[in-house]
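Here's the structure we're looking at; comments come further down.
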Amino acid sequence: MLLPLVGLALGIILGLFMPFNIPVVYSAYLSVAILAALDSVFGGIRASLENCFDSDIFITGFFGNAILAASLAYIGDKLGVPIYLAAVVAFGTRLFQNFAVIRRYLFNIRRETIK
């Protein structure tokens, strides 16, 4: 559970303290890539809580999902088809599902410690 949280914290800190402007042309691609990366982070946290975390799978999924999502958004943009919407729906759904599982897991742990 530590590696995904460290990566997320490092990314937030770098984003807050390093001035970096993304051209508007690339904002759709980057937003889909970030959503895909966040899906991987939440998936990594979930896997860690379920004691089945594998750092190789996490790292390849993190970069692979982000690159694939941005590439599909780019290809869709060139074809005039908003494919990025499918990625937003798919990764958004998975992100909320992973968050729900994490929330339930942590809630159940807290409930058991109170008893």
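D39 fails exactly one of the following numbered conditions: (1) modelled with pLDDT under 90; (2) touching a Lys or Arg at 6+ places or on another chain (Cβ under 6 Å); (3) of a type outside the set (A, V, I, L, M, F, W, C). What is the number of that condition?
(1)
Among the residues of region 34-49, which ones are free of Cβ contacts under 8 Å to residues at least 40 places away in the same chain and more than 12 Å from L5 (Cα to Cα)?
Of everything in region 34-49, those that are free of Cβ contacts under 8 Å to residues at least 40 places away in the same chain and more than 12 Å from L5 (Cα to Cα) turn out to be I34, A37, A47.
Could we say that P4 is touching a helix residue (DSSP H, G or I) at 6+ places or on another chain (Cβ under 8 Å) and either surrounded by fewer than 20 Cβ atoms within 10 Å (Cβ to Cβ) or assigned to a helix (DSSP H, G or I) (or both) here?
When the stated conditions are applied, P4 passes them.
Which condition does F99 not pass, out of (1) surrounded by 14 or more Cβ atoms within 10 Å (Cβ to Cβ); (2) within 15 Å of Y29 (Cα to Cα), if it passes all the others?
(2)
Between a first residue in region 1-18 that is farther than 20 Å from I57 by Cβ and a second residue that is of a type in the set (D, E) and in a helix (DSSP H, G or I), which pairs have beta carbons less than 6 Å apart while being 6 or more apart in sequence or on different chains?
Correct list of pairs: empty, since none qualify.
If you check A73, A66, A86, which single one turns out to be small (G, A, S) and either out of contact with any helix residue (DSSP H, G or I) (no Cβ under 7 Å at 6 or more places or on another chain) or outside any helix (DSSP H, G or I) (or both)?
Just a single option satisfies the conditions, and that option is A86.
The values are calculated or read from the model by the stated rules, or taken from the named source; none is laboratory data. Here the structure is a predicted model, which means the values were calculated and not measured. So basically every Cβ, Gly included, is an ideal-geometry build from the backbone, and we count neighbours across all protein chains shown.
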